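Working notes, structure below.
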Amino acid sequence: MSQFKVEVVAIDNVANHPNADRLDIAQIRGWRCVVGRDQFKTGEAAVYIPIDAVLPETLVKELGIEKGYRNKVKSIKLRGEFSQGLLMKVRNGWKLGDDVTDAIGITKWEEPIPVEMRGVMAPRDPRFVMYTDIENIKNYPTVFTPADQVIVTEKIHGTNWRAANFDGDILVGSHRTNLKETETNLYWRAATLLGVREKLLPGEQIFGEVYGSKIQDLSYGKAPGEIAVAIFDVMKDGRFLDYSDLLDFLDSKGWRSHYPPVLYGGPYDEKKILEYAKGYSILHHAQIKEGVVIKMREEAYDEKLAGRKILKAIGEQYLLRKEGTEGH
């Protein structure tokens, strides 16, 4: 999950909407918002409210917008142009870079977690590392350059999962939880499916996605009750493995088939990679793709991200789908 905040930003560009005389398109980093004609100007400071924001009733009235699904900000098309998020005027005292999420009472939409995914909590173990919070490339459009050698994989719509062996103790959990072993818990079912208890050695930790029927609204053609597991990253002795070492690791465990579909490998090419985020899943061709994950072939640190050089790009069809779920 990426960081969520409502921030005061500078508008990069404002242009007339090509299909509407009373609308403009404002560009904020990699995001585009459809706004009223002449409501905002290029370079102006404004508050950017991202998708998945839940608006309080007072703000809905203040902005003069129609009440949406549970007041949730969604990606939409307005007169043929994609719009992701809302812009509002800066209030007195606010300046560029300010996080005003709490000041205007906005929260992030979270899908209710099904009972079978909750599990019984085990004590927190500081050795059990949480997976990287992958930011959207539209928030950080200049992190990657054409000089970077990248690997682009399909982003799978499921629930974040992890497992580790520490001194013979097997830990299994979701993105943020350590869970006690039960037969019915989704995350332990995934661990059993892979044979984690038998295959993981001390100091090894794997990160992945559990997907299938009723886990999210995209089931990838799985039958009721059927689950599958993707493994997209591996850590050994506290260090994430480079791509080639990761594949060698998966081969050694018999898990190579669980690596997400690789869509591209080579020099970073923004236009090409954003095209890969669109269309249908390699895992199930009748289903739309959530998007892609872009990471370095060899692990690297980025100052802007304050962490690993890895980003995600989400497909337009996925964002525009109806009755979608976003559980983690």
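The values are calculated or read from the model by the stated rules, or taken from the named source; none is laboratory data. Owing to the predicted nature of the structure, the values given are computational and were not obtained by experimental measurement. Positions of Cβ are backbone-derived with ideal geometry, glycine not excepted, and every protein chain shown enters the neighbour counts.
Apart from one condition, Val60 fits all of (1) out of contact with any helix residue (DSSP H, G or I) (no Cβ under 9 Å at 6 or more places or on another chain); (2) farther than 22 Å from Ile137 by Cα; the exception is (1).
A Cβ distance below 9 Å, combined with a sequence gap of six or more or placement on separate chains, defines the contacts here; from segment 22-49, residues that are outside the structural domain of Ala313 (by TED's automatic domain parsing) and polar (S, T, N, Q) reach residues that are buried (at least 16 other Cβ atoms within 10 Å of the Cβ) and assigned to a strand (DSSP E or B) in the pairs Gln27/Val14; Gln27/Cys33; Gln39/Val14; Gln39/Asp24; Gln39/Ala26; Gln39/Leu87; Thr42/Val14; Thr42/Ala26.
Yes or no, residue by residue, for (1) out of contact with any Ser or Thr (no Cβ under 9 Å at 6 or more places or on another chain); (2) in a helix (DSSP H, G or I):
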{"residue": "Asp251", "(1), (2)": "yes, yes"}
{"residue": "Lys295", "(1), (2)": "no, no"}
{"residue": "Glu299", "(1), (2)": "yes, no"}
{"residue": "Ala313", "(1), (2)": "yes, no"}
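Do you know which residues across segment 160-182 are of a type in the set (S, T, N, Q) and in contact with a Pro (Cβ under 6 Å, 6 or more places away or on another chain)? The answer is Asn165, and nothing else. Taken across segment 239-250, residues that are surrounded by 15 or more Cβ atoms within 10 Å (Cβ to Cβ), in contact with a His (Cβ under 9 Å, 6 or more places away or on another chain), within 26 Å of Tyr264 (Cα to Cα) and at pLDDT 95 or above do occur, with at least one present.
The strands (runs of 3 or more DSSP E) located wholly in segment 1-65 that include 2 or more residues which are closer than 21 Å to Ile314 by Cβ occupy 7-10, 23-28, 31-36, 45-49.
Would you check if Glu116 is charged (D, E, K, R), at pLDDT below 95 and either touching a helix residue (DSSP H, G or I) at 6+ places or on another chain (Cβ under 7 Å) or surrounded by 15 or more Cβ atoms within 10 Å (Cβ to Cβ) (or both)?
Values: charged (D, E, K, R): yes; at pLDDT below 95: yes; either touching a helix residue (DSSP H, G or I) at 6+ places or on another chain (Cβ under 7 Å) or surrounded by 15 or more Cβ atoms within 10 Å (Cβ to Cβ) (or both): yes.
Yes, satisfied.
Identification of strands (runs of 3 or more DSSP E) wholly contained in segment 142-249 with 3 or more residues that are under 17 Å from the mean Cα position of the chain (by Cα) yields 149-155, 159-166, 204-212, 227-236.
Criterion first (under 17 Å from the mean Cα position of the chain (by Cα), within 16 Å of Ser219 (Cβ to Cβ) and surrounded by 16 or more Cβ atoms within 10 Å (Cβ to Cβ)) does Lys289 satisfy it? When the stated conditions are applied, Lys289 passes them.
Of all residues in segment 188-213, those being surrounded by 15 or more Cβ atoms within 10 Å (Cβ to Cβ), among the acidic types (Asp, Glu) and either touching a helix residue (DSSP H, G or I) at 6+ places or on another chain (Cβ under 6 Å) or over 21 Å from His157 (Cα atoms) (or both) number 1. Restricting attention to segment 36-76, the residues being modelled with pLDDT of 90 or more, within 25 Å of Glu135 (Cα to Cα) and either surrounded by 18 or more Cβ atoms within 10 Å (Cβ to Cβ) or touching a Phe, Trp or Tyr at 6+ places or on another chain (Cβ under 7 Å) (or both) number 8. Within segment 163-180, residues that are farther than 15 Å from Asp237 by Cα reach partners that are buried (at least 18 other Cβ atoms within 10 Å of the Cβ) and of a type in the set (Ser, Thr, Tyr) with beta carbons closer than 7 Å, at six or more positions or on different chains, in the pairs Val172/Tyr187; Gly173/Tyr187; Ser174/Thr159; Ser174/Tyr187; His175/Tyr131; Leu179/Tyr187. Is it fair to say Ala228 is touching a strand residue (DSSP E or B) at 6+ places or on another chain (Cβ under 9 Å), within 22 Å of Glu198 (Cα to Cα) and assigned by TED's automatic domain parsing to the domain that holds Gly119? Answer is yes for this residue.
A Cβ distance below 9 Å, combined with a sequence gap of six or more or placement on separate chains, defines the contacts here; from segment 181-206, residues that are among the aromatic types (Phe, Trp, Tyr) reach residues that are surrounded by fewer than 16 Cβ atoms within 10 Å (Cβ to Cβ) in the pairs Trp188/Lys180; Trp188/Thr182.
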